Amino acid sequence: MRSKNLAIVSLLLVLMVFVSCTPKATGDGDVIKVGWLGALTGDQAVWGNNEFNTVKMLFDEYNAKGGISVAGKMYKLQAIGYDSKGDAQEAVNVTKRLTGQDKVVAILGPNASGNAIPMAPILTQAKVPGIATVATNPKVTVLEGKVQPYNFRVCFIDPYQGAVAAGYAYDVLKARKAAILYDVSDDYSQGLREFFVENFKKSGGTIVADESFKGGDVDFRPQLSKIKAANPDIIFMPYFFKEVALSANQARELGMTQVMMGGDGWPSDQLISMGGAAVEGSYFVNHLDYDDPDVQDYKARYRAKFGVETELNGYLVHDAVLLLVAAIEKAGVVNGEAIASAIPQVDVKGITGRIRISPTTHNPEGKDAAIIKIINGAYVFQQKYAAK
């Protein structure tokens, strides 16, 4: 009996130590812990490393100035980041680790819709807001007509992006027949395809071919041969830079000369190096003009610190950091639930535009899209273009 009582007492002491040492999802002392997740390995590692580098750079800059002020108290920012490997299940695992083990008050990222969508239940249960960067599928923030209470984003969404691409193809490029090649295994690609088709038809255009592949495929010739036979004016390719480069090269090898167009999954230095002449003259929808005066200071700071140029993701996560800091200061307490409530209440001038989050959709309101053309191996801004 005595040994049993001793065992019980020992267990209680262990539990007391565990509870007292486990930080809550608030500021840990004078430090605010913020999570980040994205692909640090795999095909999309160039984007993930760019995002995490930007977060760490900005946090270092805030901390060098004493941190951020919350209700009159100064807090330093700590970034805790993990590799999601671009995999949906791994994104879920990392989210559980960040919210459960690390007790972060918010999560920045991911950039991929297919990773962001399954995070929602974990964020809601933990009452920790997540701010996605380039995750454009509508389901990231609104699912079955209901806003996800802890999911937010700083980018425009696929319905808008698809409408921009379709409108520009029809009105400016004068395309009347379009072909689609898309990744059937990817939420982003499926969504962008859907909204391009809908809006191109609405404008009066015709979809003459609609072909698909699965992520990981490297031979697109069967689909491209069918597209070539349909003789479209333009080929819409809503997927990521690696597959864009591969499929563009194969299309040119087949003698196809049509203009190619894509979305915000295209821009990367690797698209130019891998795609070469095959992607010359192509267009894509982007979140900003890289030559805009508002982005030059960030570009220079990133180049000076890391010795390379920033990618698209860096601009978006930059503004996600600004949004999060403004929300923490607005909340007045270092608590995930309060921060989530404050996010739709702040108005931030970001380098990608003004960030005002709708309380009913958790998407930014009124952000313009930029049309970029690849000319002589460079991304050249054409114009701002708003969907009809």
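Brief remarks follow.
- Given (1) closer than 24 Å to Thr352 by Cβ; (2) within 23 Å of the chain's Cα centre (by Cα); (3) aliphatic (A, V, I, L, M), number of the condition Leu246 does not satisfy: (1)
- Hits in segment 328-369 (condition: charged (D, E, K, R), assigned to a loop (DSSP other than H, G, I, E, B) and either under 18 Å from Ala106 (Cβ atoms) or free of Cβ contacts under 8 Å to residues at least 12 places away in the same chain (or both)): Glu365
- Some residue of segment 173-189 being assigned to a helix (DSSP H, G or I) and surrounded by 24 or more Cβ atoms within 10 Å (Cβ to Cβ): yes
Quick grid of which residues meet (1) closer than 18 Å to Glu51 by Cβ; (2) out of contact with any strand residue (DSSP E or B) (no Cβ under 6 Å at 6 or more places or on another chain); (3) not assigned by TED's automatic domain parsing to the domain that holds Met74:
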{"position": "Ile272", "(1), (2), (3)": "no, yes, yes"}
{"position": "Arg301", "(1), (2), (3)": "yes, yes, no"}
{"position": "Asp319", "(1), (2), (3)": "yes, no, no"}
{"position": "Ala338", "(1), (2), (3)": "no, yes, no"}
{"position": "His362", "(1), (2), (3)": "no, no, yes"}
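- Number of the condition not met by Thr360 [criteria: (1) under 27 Å from Lys146 (Cα atoms); (2) modelled with pLDDT of 95 or more; (3) touching a Phe, Trp or Tyr at 6+ places or on another chain (Cβ under 9 Å)]: (3)
- Residue tally, condition touching a Pro at 6+ places or on another chain (Cβ under 8 Å) and more than 15 Å from Tyr168 (Cβ to Cβ), over segment 191-236: 4
- Scanning segment 80-114 for residues that are at pLDDT below 95 and among the polar types (S, T, N, Q) yields Asn111, Ser113.
- Note on segment 67-130: enclosed strands (runs of 3 or more DSSP E) holding 3 or more residues that are over 15 Å from Val317 (Cβ atoms) are 68-70, 73-83.
- Restricting segment 187-198 to residues that are out of contact with any Gly (no Cβ under 6 Å at 6 or more places or on another chain) and not charged (D, E, K, R) leaves a set whose member that is modelled with the highest pLDDT is Val197.
- Positions within segment 279-312 being more than 28 Å from Phe196 (Cβ to Cβ) and in contact with a helix residue (DSSP H, G or I) (Cβ under 9 Å, 6 or more places away or on another chain), in sequence order: Tyr298, Lys299, Arg301, Tyr302, Lys305, Phe306, Val308, Glu309
- Looking only at residues of segment 249-271 that are farther than 25 Å from Ala230 by Cα and touching a helix residue (DSSP H, G or I) at 6+ places or on another chain (Cβ under 7 Å), we find that the one that is surrounded by the fewest Cβ atoms within 10 Å (Cβ to Cβ) is Gln270.
- Taking the criterion of being outside any strand (DSSP E or B) and either within 26 Å of Asp102 (Cβ to Cβ) or touching a helix residue (DSSP H, G or I) at 6+ places or on another chain (Cβ under 7 Å) (or both), the residues of segment 370-388 that qualify are Gly377, Ala387, Lys388.
- Against the list (1) assigned by TED's automatic domain parsing to the domain that holds Ala91; (2) at pLDDT below 95, the condition Asp60 fails is (2).
- Within segment 167-184, the set of residues being of a type in the set (Gly, Ala, Ser) and more than 17 Å from Ser225 (Cβ to Cβ) comprises Gly167, Ala169, Ala175, Ala178.
- Condition met for Asp158 (buried (at least 24 other Cβ atoms within 10 Å of the Cβ) and charged (D, E, K, R)): yes
- Asp291 fulfils the conditions (1) more than 23 Å from the chain's Cα centre (by Cα); (2) surrounded by fewer than 23 Cβ atoms within 10 Å (Cβ to Cβ) except for a single criterion, (1).
The values are calculated or read from the model by the stated rules, or taken from the named source; none is laboratory data. For clarity, every value in this text was computed on a predicted model and none was experimentally measured. Positions of Cβ are backbone-derived with ideal geometry, glycine not excepted, and every protein chain shown enters the neighbour counts.
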